[in-house]
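So the structure is just underneath, and the comments pick up after that.
Computed from the coordinates by the stated procedures, all read-outs in this text should not be read as laboratory data. The structure displayed is predicted, hence computed values, not measured ones. Cβ atoms come from the backbone with ideal geometry, glycine included; neighbour counts cover every protein chain shown.
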Amino acid sequence: MSLMHTDLGQGPVVVLLHGFPLNRSMWAGQLTTLGKICRVIVPDLRGYGENPPLDPVPEPYADGPAALTVEDLAGDVLALLDDLGVSEPVVVGGLSMGGYVAMALASIAPERVRALMLFDTRAEGDTPEAAQRRESQAKAVLETGSAQSLVTAMLPMLLCPSTLKEQPDLTRIVQQMMEAARPTTVAATLRGLARRPDRSAMLRELARPTLVVVGQEDAITPPSVAQTLAQLIPGSNLIFIASAGHLAPLEQPEAVNTAILEFLARVVHIN
Ligand code: MLT
């Protein structure tokens with residue numbers, strides 16, 4: 001079954017992929033702007049947002065669900081594009097986990113990718129310590145049947161201090177988005193994220209026009225990580241967003257939209 005999605009506007013296709021453990025509503029600040037100049041397709045990834053729970057959940061699962069890998073998620077996005085009759089190469093954008101999925105998609109089907117937009121993300125896989133931490137988090141989520149402890153720990157990491165202080169409505173929206181994620185999806189995703197490969201070599205070879213965007217106060221994928229990512233890709237554009245943390249498109253939508261519009265106009269000739 002196809003992913004639930006928003007499909008807005010006409011013209012060249014731009015796909016936007018959400019971060020963990022969010023859903024497609026995180027791109028609300030980009031939809032109207034992009035919908036005026038291109039066809040913007042924004043799915044909920046498998047198990048998230050308006051999609052049904054993961055199916056089948058292995059029963060009984062003493063150790064929880066199997067990993068939901070970034071390749072699984074990328075395959076779903078390719079299937080959605082097929083269902084929508086989109087066969088031409090598209091601009092694929094993703095934030096953090098969405099960036100990992102965009103890179104997985106580029107690895108599986110480079111011919112479907114016209115350009116990449118990578119927001120607050122990284123090319124490398126998890127360190128063994130990070131993978132171990134994710135497994136502990138997955139176990140805790142499954143044991144308690146709730147992702148609440150993860151949400152509580154993650155929220156102050158996702159948004160920068162000024163967002164937390166000055167944008168209480170946005171903070172609440174992000175918290176609610178995370179709380180809406182199902183525990184089994186969260187646990188399966190944590191296991192999938194822990195086993196994602198390093199995409200550095202793939203990105204170097206792919207050599208597509210690429211926009212790299214990072215919040216200047218991103219605590220999860222800091223500017224130095226974005227710099228490393230941008231350096232892998234010849235001719236990439238690196239944009240730092242002031243007063244933004246890990247969720248730059250939500251925290252500073254106008255600055256991020258300006259970066260996207262300049263990139264699309266210059267590199268992909270969408271304007
Ligand atoms: C995300 O925002 O998608 C996550 O922070 C990704 C990750 O944990 O690596």
Neighbour-count ranking for CYS160, CYS38 (other C-beta within 10 angstrom, fewest to most) reads CYS38, CYS160
Share of Cα-Cα pairs in region 167-224 beyond 17 Å, whole percent, is 68
Residue-normalised 222 nm signal for the chain, counting each DSSP H run of n ≥ 4 as -39,500 (n - 2.57), nearest 500 deg cm²/dmol, is -14000 deg cm²/dmol
Of the convex hull drawn through the C-alpha atoms of the chain, the volume per residue in Å³ is 111
Taking max minus min of the Cα coordinates of region 119-238 on each principal axis, largest first, gives extents in Å of 45, 35, 21
Taking every DSSP bridge whose two residues both lie in the chain, the antiparallel percent to the nearest 5 is 15
Footprinting proxy, ILE108, ILE37, ILE270: sorted fewest to most Cβ within 10 Å, the residues are ILE108, ILE37, ILE270
Cα-based Rg then Dmax for region 1-124, in Å, read 14.3, 49
With Cα springs under 10 Å, the Gaussian network model of the chain assigns the largest mean-square fluctuation among GLY99, GLY47, GLY145 to GLY145
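Given the Cα atoms of region 128-192, and with Rh set as the inverse mean 1/r over their pairs in the Kirkwood sense, what is Rg to Rh to two decimals?
With Rh from the inverse mean 1/r over Cα pairs, Rg/Rh is 1.03.
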Ranked by GNM mean-square fluctuation in the chain (Cα springs under 10 Å), the top entry among ASP82, ASP198, ASP44 is ASP82
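When a footprinting reagent is the concern and you count Cβ atoms within 10 Å, what order do GLU262, GLU205 take, fewest first?
Listing GLU262, GLU205 from fewest to most nearby Cβ atoms yields GLU205, GLU262.
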Classified through the alpha carbon gyration tensor (a ≥ b ≥ c as square roots of its eigenvalues; rounded if a/c is under 1.5, else prolate when a/b is larger than b/c, else oblate), region 55-172 comes out oblate
Checking SER200, SER236, SER87 against a Gaussian network model of the chain (alpha-carbon springs below 10 Å), the top fluctuating residue turns out to be SER87
With bins of 10 Å, the percent of all Cα-Cα pairs of region 1-46 per bin from 0 is 30, 54, 16
The simple spin-label model distance between ALA140 and ARG195, using points 7 Å out along Cα→Cβ, in nm, is 2.3
